[in-house]
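All of the numbers you see were taken from the coordinates with simple rules; none came from a lab. What you see is a predicted model; the values in this text were computed from it and never measured. Neighbour counts run over all protein chains shown; Cβ positions are idealised from the backbone, glycine included.
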Amino acid sequence: MRKYRITGLILVALLFNNASGFGQTNDLSNDDIEEFKARAGRMIDGFQANLGKIASKEVAEAIKQGHVRTTLESFIGEGDYYNDEEEGRDKIVQMEVSSLYREPRKRKITLKSYLTSLARLPYAKVEITSAETPRISNFYKQGDRYVATATIAQRFCGFKRIEGRLVKTYCDTTKKTFKVYLFKEMDMFGELWVVKLGDATVDDTTP
């Protein structure tokens, strides 16, 4: 009888551990989910607006750096090392970038390298705009965090100055998928929910 009782306790413990790990049923309310999805959407919009400022040749360097800092603050780990609970290791936020003509067509770089490269693009003018409203999935439990994905379409156009005129020399529309993280942090007022962006991958790039 004692053997069966111990076995039963072990089984209950295993079931509890499985329930508290990856894939746990979402215990956020529908109102919570909609609020956090709206916050993620606003963060994506702000991210894309900042990219346009960072790439612009008409924005002073000091102001560009302010937009870089704001962008990094919207990402988990501020673009630096963070613990990826799915992979079980520390990693740096990665951005996958693409081009219609460069080989390889896709490559991954760190978020900080991406922002530095954006500020140094060899164009007289750059336009980066949202081509559609971000689509954000529901959040699911992953360890101590919740995770969602946000899919966006981003229109990029580069202009060069030719004989005194701005001429559009490159354009593409890229669909990207971002990880979105939701977790709790403490501040001076207590515990609060925080939404941060994570890695981005390229789904498709078209003219």
Listed residue (F183, T169, G88) projecting farthest to the positive dipole end of the chain, Cβ model: T169
Once the Cα gyration tensor of segment 130-207 is diagonalised, semi-axes √(5λ) in Å: 37, 16, 8
Mean separation of Cα contacts under 8 Å, 6 or more apart, over the residue count of segment 50-207: relative contact order %: 21
In segment 92-183, GluC sites (Glu not before Pro) in a DSSP loop with at most 12 other beta-carbon atoms within 10 Å: E132, E163
Cβ-derived FRET efficiency at R0 25 Å, Y140 paired with T116, nearest 0.05: 0.15
19 Å Cα-Cα reach of K196 towards lysines, excluding residues that sit fewer than 8 places from it in its own chain: K37, K91, K112, K141, K176, K179, K184
Kirkwood hydrodynamic radius of the chain, Cα pairs, Å: 19.3
The chain: calculated mean residue ellipticity at 222 nm from DSSP helix runs of at least 4, using -39500 (n - 2.57): -10500 deg cm²/dmol
As computed over segment 69-192, the Cα convex hull volume per residue (Å³): 147
